[in-house]
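Here's the structure, in structure tokens; my notes come after.
The values are calculated or read from the model by the stated rules, or taken from the named source; none is laboratory data. Since we're looking at a predicted model, the values are computed, not measured. FYI the Cβ positions are ideal-geometry reconstructions off the backbone, even for glycines, and counts take in every protein chain you see.
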Amino acid sequence: MIRLHHGQGYDIFWRDSNTCPTEEDYIKMVTDSTDALQTLPNQLESRCFPDLLLIINDQRMTTMMMAVMHRTRDRSQRLAVCSD
């Protein structure tokens, strides 16, 4: 949960200071701010089914890639609306 707040803090800082993050920083922020909530089911599965850990890790990576794509698309659309 600390990483969640850390990621959100970066997001707020960049927004308030009109700073554009690097691609690596942005992906780290998205990963930190969504990791706790969106991968919770994967974490619970790994505790209940340790034999399926490899499959569960693949699911977690897919979930994180989807989160990065969603957040990037969402932010791009918001910026496009603001610039009109």
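Overview of results
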quantity	calculated
Of all residues in the range 9-24 being out of contact with any helix residue (DSSP H, G or I) (no Cβ under 9 Å at 6 or more places or on another chain) and acidic (Asp, Glu), the one that is farthest from Thr72 (Cα to Cα)	Asp16
Per-region count, the range 17-46, residues exposed (fewer than 10 other Cβ atoms within 10 Å of the Cβ) and either modelled with pLDDT under 75 or closer than 21 Å to Ile2 by Cβ (or both)	1
